[in-house]
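The values are calculated or read from the model by the stated rules, or taken from the named source; none is laboratory data. Since the model is a prediction, treat every value here as computed from it, not as a measurement. Note that we place each Cβ from the backbone using ideal geometry, even for glycine, and neighbour counts take in every protein chain shown.
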Amino acid sequence: MSQELQERFGIPGVVAFDDGLGGQTRIRVTTPLAEAEVYLLGAHVTRFKPAGAEEVLWLSGESQFAIGQAIRGGVPVCHPWFAAYASDASAPLHGYVRIMPWDVEGVTLEEDGTVTLAFWIKFHQPQNPDWPGEFELRHRVRVGSALTMELETLNCGPGPLMLTEALHTYFAVSDIRNVTVTGLAGCEYFDKVAGDRKKQSDEPIAFAGETDRAYFDTTTTCVIDDPGLDRRIHVAKRGSRSTVVWNPWTAKAASMPDFGDDEWPGMLCVETANCLDDAMCLPPGGTHRMTARISLEPVPEEFAAAPPLEVEADLRPVAAGAPAAAPPVLAAPDAGEAAEALDPDAAAFTARVFIEAPPPAVFEAWATAEGLCEWLVESAMFTAPGERVPRADGAARTGDSYQWRWQASGYVMDGTVLAAEWPERFGFTFAEAGSCEVTFTRHGAGTLVALRQAGLPSPATHLECRTGWTFFLTNLKSLLEGGLDLRETDPLRKGVVNR
Ligand code: TA6
């Protein structure tokens, strides 16, 4: 396998494929900027060593390297669920993509010496029909002075895909007892050791025992300060609302066969994730990207900002059949339904508007009951799963149900919030007219709003929705830029464009 891949993708002196530990196919990257290693098993980064620095990632000396086993250390890709799978105790911890072989989609050497390795894997009919499945996953690993990893999920299935995920990064530290972490002050977290929820008050976070915390609703960069190695590791991210911090300490380390009893002082996990409260629901054809950037230098401004204009969430109409170059399919693809009755163009559209207001303000206009009533509907409420009363703060979260009452017709519409990812994305089902995904991309001092509606059942509905959204997006612009709500409210005046 490695020889064939070497011939297809190898770059002499820069990218080499060989048989690594356990005979697993390994990719070794050697450039003036950094050295790195990645295994096809789990598309698993195991080493990252910037030029002139010590190794940044930790790898257990006891790790297994075998299909069906997770590599202990480096950057496990936890997907399509994080930790245990709620309804199946036999399911592999942290999902199944980290214990399966991936395929190589491409290898590129850029002018600045950065090497990008692109991996992918696709699932139809996973081993257990209860598990979430029918998704295509890409993992793009950029090796330069920083290590950037982008995990992109495409929901290929006919229904919403519930998703939790993590880039479960193990960092090498001199001694956990002398290391601190900043970037999580004020965040709420689930303390897995104590079994309860807390709020992070004091910073920096120090370590004096087993630590296993999932911090929620946080998009900040974390910094690992390691005086023993005289370095600070910056863990920046995009498309992630959870950060998990973990060190097993003595007892937990001794309980893991692939973790040396005396190895725990030398590692710390700071994981880029979407888990627990930050679980997501991808609509059919929807995509989601989560990116982690690991560096020994402070994060450049352009990374912390929203993704560049060309990077947009993309709702591809679900069509049967695999993409042109079929990725490894782990089970025979099902017969699948024929593609939608409509051709893809009629089944979906994108409407865009530029608004002179920052993404957070535009996001709030969509993802809060109060915001929606100012420009779109007469009344709105969001209700948490299983709850009967609307959310007190009126703010939507992924997985909520919603109820909107339209002003002109008085029609009451019920639906599901598919994604509420501040301040980048808001997705929701749209009754019998498929689903909508709205992305908010910073553009100068303003926001480019792109609304993609997919799954439209007929050309008539397509026209009605496209016309409606064209007015309402214009009304949103009018309201946020000039405070003017263009909706006609006089009941005697019907049939005009704004009523
Ligand atoms: O991310 C923290 C955590 O969920 C811990 O609870 C611990 O289980 C760790 O992941 C390692 O998980 P693994 O399945 O790799 O042993």
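For this structure, a couple of remarks:
- Subset of the stretch 1-32 [in a loop (DSSP other than H, G, I, E, B), at pLDDT 95 or above and over 15 Å from Thr108 (Cα atoms)]: Gly20, Gln24, Pro32
- Within the stretch 271-291, the set of residues being more than 10 Å from the chain's Cα centre (by Cα), assigned to a strand (DSSP E or B) and at pLDDT 85 or above comprises just one member, Glu271.
Yes or no, residue by residue, for (1) farther than 17 Å from Leu40 by Cα; (2) within 16 Å of the ligand (Cβ to nearest atom); (3) within 20 Å of the chain's Cα centre (by Cα); (4) small (Gly, Ala, Ser):
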position	(1), (2), (3), (4)
Ser87	yes, no, no, yes
Glu111	yes, no, no, no
Phe119	no, no, yes, no
His124	yes, no, no, no
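- Restricting the stretch 127-156 to residues that are in a strand (DSSP E or B) and in contact with a Pro (Cβ under 7 Å, 6 or more places away or on another chain), the residue that is farthest from Cys281 (Cα to Cα): Glu136
- Total residues in the stretch 188-234 satisfying the condition of being among the hydrophobic types (A, V, I, L, M, F, W, C), away from the ligand (no atom under 16 Å from the Cβ), touching a residue at least 40 places away in the same chain (Cβ under 8 Å) and not in a strand (DSSP E or B): the figure is 1.
- The single condition among (1) buried (at least 19 other Cβ atoms within 10 Å of the Cβ); (2) within 16 Å of the ligand (Cβ to nearest atom) that Pro132 does not satisfy is (2).
- Single residue of the stretch 245-263 satisfying the filter (part of a loop (DSSP other than H, G, I, E, B) and free of Cβ contacts under 8 Å to residues at least 60 places away in the same chain) that is nearest to the ligand (Cβ to nearest atom): Pro248
- Where Thr46 falls short, out of the listed (1) closer than 17 Å to Met267 by Cβ; (2) within 16 Å of the ligand (Cβ to nearest atom); (3) in a loop (DSSP other than H, G, I, E, B): (3)
- For the stretch 33-43, filtered to residues that are hydrophobic (A, V, I, L, M, F, W, C) and either at pLDDT below 95 or in a strand (DSSP E or B) (or both), the residue that is nearest to Leu296 (Cα to Cα) is Ala34.
- In the stretch 169-187, of all residues being surrounded by fewer than 23 Cβ atoms within 10 Å (Cβ to Cβ) and more than 16 Å from Phe207 (Cα to Cα), the one that is nearest to the ligand (Cβ to nearest atom) corresponds to Cys187.
- Test set (1) of a type in the set (A, V, I, L, M, F, W, C); (2) at pLDDT 90 or above; (3) out of contact with any helix residue (DSSP H, G or I) (no Cβ under 8 Å at 6 or more places or on another chain) - Cys78 fails condition number: (3)
- Which numbered condition Gly415 fails, given (1) within 20 Å of Thr368 (Cα to Cα); (2) of a type in the set (Gly, Ala, Ser); (3) not in a strand (DSSP E or B): (3)
- Scanning the stretch 405-464 for residues that are modelled with pLDDT under 90 and aromatic (Phe, Trp, Tyr) yields a total of 2.
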